[in-house]
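Quick notes on the structure that follows.
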Amino acid sequence: MRLLAVGIVAGWLAVGGAQAAPIRVQADAQPARAGVGDAIRYVVVARFPASAVDASSVRIFADAGALVQTGPATTTRRVDGSALVVTLVQHVACLDLPCAPAAGARRVRLPAPRVTAELTDRGVAIGRTEPVTVVVEPRVAGADVRAATPPYRQQTALPAADGRAGGLSGPFTAAAAVFALIAVLLAVVALRPRSRPDAHEAELARAVRLLRESAGRPVSDRRRAADLVSRVTGSVGARSIAADAARLAWSESSPKAEGTVALAERAEDAGR
């Protein structure tokens, strides 16, 4: 894992003359460059001498800042040799205007993480690290956004009148009248007009098609397609499929191609 920021304890506060235990703090966000809505794994790791601190008292404060937490945070504690290692894992994403890119990529700086722990003797140790920066990239290039609507030429000049056209107007007029009469008769004898497809069915069919196509595309496209299926199936009452699609869209692990195809088949069956 490439560390974006590594901090060593900036200071500590000791009570009653007890020596403060050194805290080493590391912070990392992966991927370091992401688009709007992409899942980002934000991890803060703190290491202490295991014999110097109370493991249950360790607290890691890592605010996501302009990013939004998309799932529950998890904190784990383990002993590595003589060191106590405490890890905080959060899943965040850019889902609002304060972090969204404008003309180009936007650097989003998260607040500096802070760690506190009670010493086994007496006192409190405090550690900090440098803040992590995530680059949020736009989905569409600025040149494409600024591109003007292409002009269309309209033909306004008509060809010169041809004297022979007058002699043909009679037969053409009669033929047009016959075709018009046939069209009216067909409309009358038709049993019923063909009904237009329901708007929800059309939207679901489009969402299923995009989800199936995303199996051969990057993971970020699979997440967006699954999120669309979740919203569409939820609006038509297919709650279980909507919930499965939401879990696939925001899962910690990358959605697999076979899972994406299987979800598309279930959503297609729900629309029948």
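Is it the case that some residue within the stretch 42-54 is surrounded by fewer than 15 Cβ atoms within 10 Å (Cβ to Cβ) and under 12 Å from VAL134 (Cα atoms)?
no
Given the conditions (1) hydrophobic (A, V, I, L, M, F, W, C); (2) at pLDDT 80 or above; (3) more than 36 Å from the chain's Cα centre (by Cα), and given that LEU186 satisfies all but one, which numbered condition is not satisfied?
Single failed check for LEU186: (2).
Is it true that VAL36 is out of contact with any helix residue (DSSP H, G or I) (no Cβ under 6 Å at 6 or more places or on another chain), surrounded by 15 or more Cβ atoms within 10 Å (Cβ to Cβ) and at pLDDT 95 or above?
no
Cβ-Cβ distance below 6 Å, separation of 6 or more or different chains: which pairs start in the stretch 225-248 with a residue that is of a type outside the set (A, V, I, L, M, F, W, C) and end on one that is open to solvent by less than 20 Å² (accessible area, probe 1.4 Å)?
Short answer, once both residue conditions are applied: ASP227/ALA249; SER230/ALA242; SER230/ALA245; THR233/ILE241; THR233/ALA242; THR233/ALA267; GLY234/ALA242.
Enumerate the pairs (first residue in the stretch 18-35 and outside any strand (DSSP E or B); second residue anywhere and modelled with pLDDT under 90 and of a type outside the set (A, V, I, L, M, F, W, C)) with beta-carbon separation below 7 Å, excluding pairs fewer than 6 apart on the same chain, so at least 6 apart or on different chains.
ALA18/ASP121; ALA18/ARG122; ALA18/GLY123; ALA20/GLY123
Residues of the stretch 102-125 being farther than 19 Å from ASP28 by Cα and either out of contact with any Lys or Arg (no Cβ under 9 Å at 6 or more places or on another chain) or at pLDDT below 90 (or both), which ones?
If we filter the stretch 102-125 for residues that are farther than 19 Å from ASP28 by Cα, which is where we start, we get 102-105, 117-125.
ALA102, ALA103, GLY104, GLU118, LEU119, THR120, ASP121, ARG122, GLY123, VAL124, ALA125, listed by residue number.
Could you grab me the full set of residues in the stretch 236-258 that are in a helix (DSSP H, G or I) and open to solvent by less than 70 Å² (accessible area, probe 1.4 Å)?
Of everything in the stretch 236-258, those that are in a helix (DSSP H, G or I) and open to solvent by less than 70 Å² (accessible area, probe 1.4 Å) turn out to be ILE241, ALA242, ALA243, ASP244, ALA245, ALA246, LEU248, ALA249, ALA257.
Filter the stretch 242-272 down to residues that are touching a helix residue (DSSP H, G or I) at 6+ places or on another chain (Cβ under 8 Å) and of a type in the set (S, T, N, Q), then give me how many there are.
Summing the residues that are touching a helix residue (DSSP H, G or I) at 6+ places or on another chain (Cβ under 8 Å) and of a type in the set (S, T, N, Q) in the stretch 242-272 gives 2.
The values are calculated or read from the model by the stated rules, or taken from the named source; none is laboratory data. Because the structure is a prediction, the values reported are computed rather than measured. Cβ atoms come from the backbone with ideal geometry, glycine included; neighbour counts cover every protein chain shown. What goes into the accessible areas is simple: the full protein's heavy atoms, side chains included, and nothing from ligands, DNA or RNA. Shrake-Rupley method; radii C 1.70, N 1.55, O 1.52, S 1.80 Å.
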